[in-house]
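Participant: Please see the structure below; I have some questions.
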């Protein structure tokens with residue numbers, strides 16, 4: 001099969017690899033209908049995470065079940081499925097608590113289970129895959145829906161997690177730090193969760209437009225202290241009821257806490273890269289920090305019906321499409337911020 | 001009047017100071033029935049916070065209103081009142097949100113409003129003081145009740161805040177890190193908030209006994225890694241549903257996160273002194289950090305009825321009593337951990 005392999009900083013290749021097969025009774029093999037490149041895939045691409053040896057990459061996919069192990073009963077060959085970016089059993093103490101990302105036998109797709117490929121081996125398939133009824137390999141979801149489903153594999157679930165962790169409620173004033181795919185989905189999530197006002201911090205016109213399309217009521221284009229000041233002015237000096245930190249850098253973390261009102265919570269989902277929560281401000285102003293790697297599997301039963309009903313269109317963050325074989329170009333475009341998120345089609 | 005003044009590291013004196021008077025229309029002056037020494041008073045006493053110049057100290061008191069400014073209508077002369085350790089207007093955006101500690105015109109008692117004194121000037125008296133009906137200067141609360149009320153001035157409200165911030169729910173397994181007065185009140189709070197199991201981390205026999213009296217179901221005497229291991233064994237390797245961090249040191253913070261299960265929250269109320277939240281573990285395991293300086297005023301309407309009904313007896317943490325004039329001895333005893341918390345009576 002064709003698969004995407006990262007060899008080193010900036011070195012993404014489309015290669016032929018052995019077709020994955022069912023190895024464990026709990027495995028499935030999924031033929032990919034659509035996959036994509038994630039902001040976090042850019043960390044190793046940019047050399048900010050080391051690449052010790054070439055390995056498969058990609059952790060998002062929608063596809064059709066091609067084979068299942070003997071123990072897999074929740075999905076069947078031929079089912080169209082969405083996979084969250086982590087696999088999980090669905091039955092351990094952490095899965096049952098809704099923290100599927102801490103599954104005792106779980107893990108993140110990538111490497112040997114890289115999803116930017118024609119076929120993906122899915123461990124713990126019964127606990128991981130969610131069936132989308134009414135479609136098949138012969139009658140796959142139409143393109144718009146496919147994009148929406150694919151967004152649920154990671155970024156929409158991650159934005160949703162940020163909003164949940166930040167405690168967004170009916171009537172909340174919410175600030176979203178970060179205008180990547182996750183931040184944009186965070187805007188959408190905040191609106192769905194009842195926010196009355198959503199301030200998107202974004203300095204790119206195209207992303208500002210998408211944020212507004214997703215329901216942002218205000219856009220702050222400034223960064224750093226100027227951006228923080230602008231948000232405080234928008235909120236009568238009070239700050240936001242809930243802040244979604246969707247970047248993970250030191251600056252984004254600082255901004256998130258600076259605009260969080262006393263008693264509020266910063267929901268963080270950006271992989272931390274140098275950010276450090278300001279403990280003294282947190283203590284003095286009772287600002288909490290919650291979130292982390294998103295247990296997307298927990299949210300799929302909520303998100304898929306919204307997508308299937310057409311209530312939300314998170315797939316709009318996938319603003320470009322390339323053949324799977326051109327994965328390297330997809331990385332280049334995202335690294336250059338020419339695209340928010342690139343869909344790859346086998 | 002007699003008042004307690006800290007001059008320098010280890011130098012606490014009982015001195016004669018001018019009687020405080022109403023300075024602002026929103027002030028009251030309260031004649032103290034009982035005050036006490038707080039664990040946080042020991043920070044300057046031990047030199048861990050600097051003492052630049054001599055100043056009044058103490059932030060907890062129960063007393064009788066002696067005078068009120070023209071704008072004070074919520075309490076009257078002769079009322080027996082409990083004061084939280086911070087004063088607040090009760091009307092600003094932060095007070096209305098229940099975060100009285102961030103009041104726009106508020107502050108912490110101490111210095112010129114030090115409470116280890118015969119009289120205390122209370123700014124923002126209407127928003128700060130809570131009346132206890134049925135008592136007066138002539139018929140003050142009996143000693144046991146007085147201790148319970150005094151505990152609500154800080155430690156019981158702070159323990160309550162830790163439990164609330166940590167998200168204690170019906171049936172929760174809770175770990176309380178710290179066996180000072182706040183930690184012990186945290187045990188009591190967790191039980192009241194529905195915890196099914198409360199593990200008190202304490203290595204002092206007398207405090208272990210008090211923790212059990214307050215409802216702790218388990219006691220872990222070990223500290224550091226051994227203590228963390230013991231908690232994990234008690235919880236089948238899972239960790240706690242909620243953790244109350246009631247110390248504020250680097251070790252206590254580390255332990256709190258080490259015993260917190262994925263998806264849980266560490267509620268922290270110990271003034272941070274060197275602790276640093278482990279951001280990577282927080283992210284990977286979705287462990288939140290919430291809490292801070294406790295908005296005790298928000299909890300008094302809940303706590304006072306419990307105390308008046310005899311449902312809780314947080315005053316048990318006040319395990320010693322001395323005349324106000326012997327404040328220095330009270331500090332010495334608490335510093336030496338001979339007492340959990342010393343009541344001072346004018």
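Participant: Kindly indicate whether any position in the range A:100-107 is within 14 Å of chain B (Cβ to nearest Cβ), without any contact (Cβ under 8 Å) to a residue 60 or more places away in the chain and closer than 26 Å to residue A:315 by Cα.
Facilitator: yes
Participant: Every residue in the range B:229-256 that is surrounded by 22 or more Cβ atoms within 10 Å (Cβ to Cβ) and within 17 Å of residue B:172 (Cβ to Cβ), please.
Facilitator: Within the range B:229-256, B:231, B:239, B:240, B:241, B:242, B:243, B:244, B:245, B:246, B:256 qualify.
Participant: Something else now. Filter the range A:58-70 down to the residues that are surrounded by 13 or more Cβ atoms within 10 Å (Cβ to Cβ) and more than 18 Å from residue A:3 (Cβ to Cβ), then identify the one that is farthest from the chain's Cα centre (by Cα).
Facilitator: A:69
Participant: Right, another one. Among the candidates B:254, B:261, single out the residue that is without any contact (Cβ under 8 Å) to a residue 40 or more places away in the chain, more than 10 Å from chain A (Cβ to nearest Cβ) and over 15 Å from residue B:155 (Cβ atoms).
Facilitator: Result of the check over B:254, B:261: B:254.
Participant: I've got another one for you. Give the residue that is farthest from the chain's Cα centre (by Cα), with candidates limited to residues of the range A:142-176 that are part of a loop (DSSP other than H, G, I, E, B) and buried (at least 22 other Cβ atoms within 10 Å of the Cβ).
Facilitator: Taking the range A:142-176 as the starting set, the residues that turn out to be part of a loop (DSSP other than H, G, I, E, B) are A:142, A:153-154, A:166-172.
Remaining after also requiring buried (at least 22 other Cβ atoms within 10 Å of the Cβ): A:153-154, A:166, A:168.
Details: A:153: 7, A:154: 3, A:166: 16, A:168: 18 Å.
Out of the qualifying residues, it is A:168.
Participant: Also, quick follow-up: Of the residues A:276, A:261, only one is under 30 Å from residue B:247 (Cβ atoms) and modelled with pLDDT under 95; which? First the steps, then the outcome.
Facilitator: Working: A:261 fails: modelled with pLDDT under 95.
Being under 30 Å from residue B:247 (Cβ atoms) and modelled with pLDDT under 95 holds for just one of A:276, A:261, which is A:276.
Participant: Which residues, counting only those in the range B:265-306, are part of a loop (DSSP other than H, G, I, E, B), crowded, with 24+ Cβ neighbours inside 10 Å, without any contact (Cβ under 8 Å) to a residue 40 or more places away in the chain and under 20 Å from the mean Cα position of the chain (by Cα)?
Facilitator: none
Participant: Please count how many residues of the range B:183-231 are touching a helix residue (DSSP H, G or I) at 6+ places or on another chain (Cβ under 8 Å) and within 12 Å of residue B:316 (Cα to Cα).
Facilitator: The total comes to 8.
Participant: While we're here: Restrict the check to the range B:241-263 and report whether at least one residue is out of contact with any strand residue (DSSP E or B) (no Cβ under 9 Å at 6 or more places or on another chain) and part of a strand (DSSP E or B).
Facilitator: Yes.
Participant: Identify all residues within the range A:209-240 that are in contact (Cβ under 8 Å) with a residue 40 or more places away in the chain and either in the same structural domain as residue A:40 (by TED's automatic domain parsing) or part of a helix (DSSP H, G or I) (or both); write none if there are none.
Facilitator: Listed by number, the residues that qualify are A:210, A:213, A:231.
Participant: So, residue B:82, is that one within 17 Å of the chain's Cα centre (by Cα), more than 14 Å from chain A (Cβ to nearest Cβ) and either part of a strand (DSSP E or B) or crowded, with 23+ Cβ neighbours inside 10 Å (or both) or not? Explain how you work it out, then say what you get.
Facilitator: Details: within 17 Å of the chain's Cα centre (by Cα): yes; more than 14 Å from chain A (Cβ to nearest Cβ): yes; either part of a strand (DSSP E or B) or crowded, with 23+ Cβ neighbours inside 10 Å (or both): yes.
Considered against the rule, which asks whether it is within 17 Å of the chain's Cα centre (by Cα), more than 14 Å from chain A (Cβ to nearest Cβ) and either part of a strand (DSSP E or B) or crowded, with 23+ Cβ neighbours inside 10 Å (or both), residue B:82 comes out as yes.
Table: residues versus (1) in contact (Cβ under 8 Å) with a residue 40 or more places away in the chain; (2) more than 14 Å from chain B (Cβ to nearest Cβ); (3) more than 28 Å from residue A:90 (Cβ to Cβ).
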site	(1), (2), (3)
A:115	yes, yes, no
A:119	yes, yes, no
A:143	no, yes, yes
A:184	yes, yes, yes
A:200	no, yes, yes
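Participant: Tell me which of these residue B:55 doesn't satisfy, since it passes every other one: (1) over 25 Å from residue B:130 (Cβ atoms); (2) under 22 Å from the mean Cα position of the chain (by Cα); (3) buried (at least 16 other Cβ atoms within 10 Å of the Cβ).
Facilitator: (3)
Participant: Within the range B:313-325, which residues are surrounded by fewer than 17 Cβ atoms within 10 Å (Cβ to Cβ) and assigned to a helix (DSSP H, G or I)?
Facilitator: Of everything in the range B:313-325, just one residue is surrounded by fewer than 17 Cβ atoms within 10 Å (Cβ to Cβ) and assigned to a helix (DSSP H, G or I), namely B:325.
Participant: For the range A:191-205, does any single residue satisfy the condition of being closer than 22 Å to residue A:258 by Cβ and under 17 Å from the mean Cα position of the chain (by Cα)?
Facilitator: Checked against the condition, which is being closer than 22 Å to residue A:258 by Cβ and under 17 Å from the mean Cα position of the chain (by Cα), the range A:191-205 yields no hits at all.
Participant: If residue A:180 satisfies every condition in (1) touching a residue at least 24 places away in the same chain (Cβ under 8 Å); (2) touching a strand residue (DSSP E or B) at 6+ places or on another chain (Cβ under 8 Å) but one, which is the exception?
Facilitator: (2)
Participant: Something else about it: Can residue B:206 be described as touching a residue at least 60 places away in the same chain (Cβ under 8 Å) and either in a loop (DSSP other than H, G, I, E, B) or within 21 Å of residue B:269 (Cα to Cα) (or both)?
Facilitator: no
Participant: While we're on this one: Checking residue B:110 against (1) surrounded by 22 or more Cβ atoms within 10 Å (Cβ to Cβ); (2) under 20 Å from residue B:294 (Cα atoms); (3) in contact (Cβ under 8 Å) with a residue 24 or more places away in the chain: exactly one of these is not met. Which one?
Facilitator: Condition (1) is where residue B:110 drops out.
The values are calculated or read from the model by the stated rules, or taken from the named source; none is laboratory data. These numbers come from a predicted model, not from an experiment. Glycine also receives a Cβ, built like all others from the backbone with ideal geometry; neighbour counts cover every protein chain displayed.
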